[in-house]
Amino acid sequence: QVQLVESGGGLVQAGGSVRLSCAASRLTFRAYTMGWFRQAPGKEREFVAAISWSGSSTVYADSVKGRFTISRDDAKNTVSLQMSNLKPEDTALYYCAVDFGLRGSLPRAKDEYDHWGPGTQVTVSS
């Protein structure tokens with residue numbers, strides 16, 4: 001089975017930066033769409049960003065556009081989320097996910113993704 005593992009989370013001050021990484025076992029990322037989601041206590045899991053199999057297309061939630069950047073390194077089989085200018089409302093458990101479907105656009109809904117990592121916690125202090 002596919003295994004996804006996130007890393008890089010922790011405690012950071014408001015205005016700071018954190019870089020999250022996602023690595024996979026039993027899977028090569030290069031042929032699939034990858035996404036990042038987050039979930040805060042008492043909230044629904046929400047879309048953050050996605051990147052196409054080629055790396056040429058990306059999409060972001062309005063709440064993070066201009067502050068977060070998703071990228072992939074197929075040689076290292078990793079996907080990253082660079083987060084800058086962090087705000088307290090960014091505090092959440094962050095998940096990476098893979099979509100095996102063939103779609104005409106990058107998926108934003110959580111039910112369009114097939115496998116998930118266990119998540120990494122990001123806490124932004126005010």
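The values are calculated or read from the model by the stated rules, or taken from the named source; none is laboratory data. This is a predicted model, so every value here is computed, not measured. With ideal geometry, Cβ positions are generated from the backbone for all residues, glycine too; neighbour counts draw on all protein chains shown. Quick note on the areas: whole protein, heavy atoms, side chains included, nothing else; ligands and nucleic acids left out. Shrake-Rupley method; radii C 1.70, N 1.55, O 1.52, S 1.80 Å.
A few points about this structure:
- Residue among GLY16, GLY42 that alone is loosely packed, with under 13 Cβ neighbours inside 10 Å and in a loop (DSSP other than H, G, I, E, B): GLY42
- Total residues in the range 46-59, condition surrounded by fewer than 20 Cβ atoms within 10 Å (Cβ to Cβ) and either modelled with pLDDT under 95 or in contact with a Leu (Cβ under 9 Å, 6 or more places away or on another chain) (or both): 8
- Condition broken by GLY10, with the remaining ones in (1) touching a residue at least 40 places away in the same chain (Cβ under 8 Å); (2) crowded, with 16+ Cβ neighbours inside 10 Å satisfied: (2)
- Near pairs, Cβ below 6 angstrom, 6+ apart or cross-chain, from the range 66-89 (touching a residue at least 60 places away in the same chain (Cβ under 8 Å) and in a helix (DSSP H, G or I)) to any residue that is among the polar types (S, T, N, Q) and open to solvent by 60 Å² or more (accessible area, probe 1.4 Å): PRO88/SER126
- Tally, over the range 92-126, of residues that are assigned to a loop (DSSP other than H, G, I, E, B), closer than 16 Å to LEU81 by Cβ and open to solvent by less than 80 Å² (accessible area, probe 1.4 Å): 4
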